[in-house]
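Colleague: Sharing a structure, written as structure tokens. Questions coming.
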Amino acid sequence: MKISFFETQDWEANYIKNKLKGHALSFYDKPLSSETIKKAADCDIFSVFIYSKINKEIISKLSEVKLIATRSTGFDHIDIKECNKKKITVCSVPYYGENTVAEHTFALILSLSRNIHKAYVRTLKQDYSIEGLKGFDLKGKTIGVIGAGHIGLHVIRAAKSFGMNVLACDVNQDDFLKEVLDFKYAPLEELLNKSDIITLHVPYNERTRHLINKDTIKQIKKGALLINTSRGAIIDTDALIEALDKKILSGAGLDVLEGEELIKEEKQLLSDPKKAEVFGQIIKDHILLNKDNVVFTPHIAFYSQEALERILDTTIENINCFEKEKPQNVVK
């Protein structure tokens, strides 16, 4: 089979070549797009990451493709309905970085709770004063985990090791795990009202888009921290900026931003007058990034060597199973 991998680094290409034998493989460092697809339009299988936006236009050009293997848990970058119409199978990587993302979540929390980001910038300027750097203990605080799936449960385990109280909000509740891990399920409003730290671990879909908005932010305990390692659009950017300005939130730790892909393409967008409608989102993202009570990382919560290898291994398994006509991890 002809298989093209997009958004790959050299080490990933070598890793895949060593484990996926008997196929014609090609690798590209850029996302799949209307331009890059010209290089591999006759492939049987495409493997992509989240910055490849596989919409109806792209799918219409995939004349030979039988499988799209996304190297991610989320699949909101792929038009699943259109793939189903074209009888293109889509596979994802449902589990790979539960502990990895949970660890990064606490990196963001600790950076804010102990003002590590501010202290680091200050010491770079040879300023060793501690004025304004007083933090707070996590022990005894309440963390609200929105989305108690695989990642959320790892966050809960970590939170308990810090001596925190845990509230969790999830459509699926597991009474056994609740007792074993010693946490409490709560409706969203109660969680927002009682939590000192709120962390998001839900998938992005129509129901979760702008889950944190101007209305839900009104329910948040004054002075809470908001952490997002999930998807940017789960938070309404306008509402977040307002909450920070009004000190409803004392800080935010963000590994993702609404419209983060626009920042990556900013230079091209600014030179294209047809893209004027996206400027507003870019400006709002920059407003967030310039706040000293916001810690931002560029979508790297998943980005550990071990997690990346698990992603590649599962992707290779997905391709092998599809070839054997026993597809796994299929997205419907």
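Colleague: Which ones in segment 88-137 are within 24 Å of the chain's Cα centre (by Cα) and hydrophobic (A, V, I, L, M, F, W, C)?
Modeller: Result: Val90, Cys91, Val93, Val101, Ala102, Phe106, Ala107, Leu108, Ile109, Leu110, Leu112, Ile116.
Colleague: Within the set of pairs 6 or more residues apart or between chains, which connect a residue that is charged (D, E, K, R) inside segment 192-204 to a residue that is assigned to a strand (DSSP E or B) with Cβ atoms less than 8 Å apart?
Modeller: Note: pairs meeting the criteria are Lys194/Thr142; Lys194/Gly144; Lys194/Leu167; Asp196/Thr142; Asp196/Ile143; Asp196/Ala224; Asp196/Leu225.
Colleague: While we're looking at this one, here's another question. Could you list, in sequence order, the residues of segment 88-101 that are of a type outside the set (Phe, Trp, Tyr) and in contact with a Lys or Arg (Cβ under 8 Å, 6 or more places away or on another chain)? Don't jump to the end; show me each part of the working.
Modeller: At the first step, the residues of segment 88-101 found to be of a type outside the set (Phe, Trp, Tyr) are 88-94, 97-101.
Hits for segment 88-101 are Ile88, Thr89, Val93, Gly97.
Colleague: For segment 59-105, what are the residues that are on the phi > 0 side of the Ramachandran plot and in contact with an Asp or Glu (Cβ under 9 Å, 6 or more places away or on another chain)?
Modeller: Here is the first cut: in segment 59-105, the ones on the phi > 0 side of the Ramachandran plot are 87.
Within segment 59-105, none qualify.
Every read-out reported here was derived from the displayed coordinates using simple, explicitly stated rules and does not represent laboratory data. In this text, all values refer to a predicted model and were calculated from it rather than measured experimentally. As a convention, Cβ positions derive from the backbone with ideal geometry for all residues, glycine included, and neighbour counts pool all protein chains shown.
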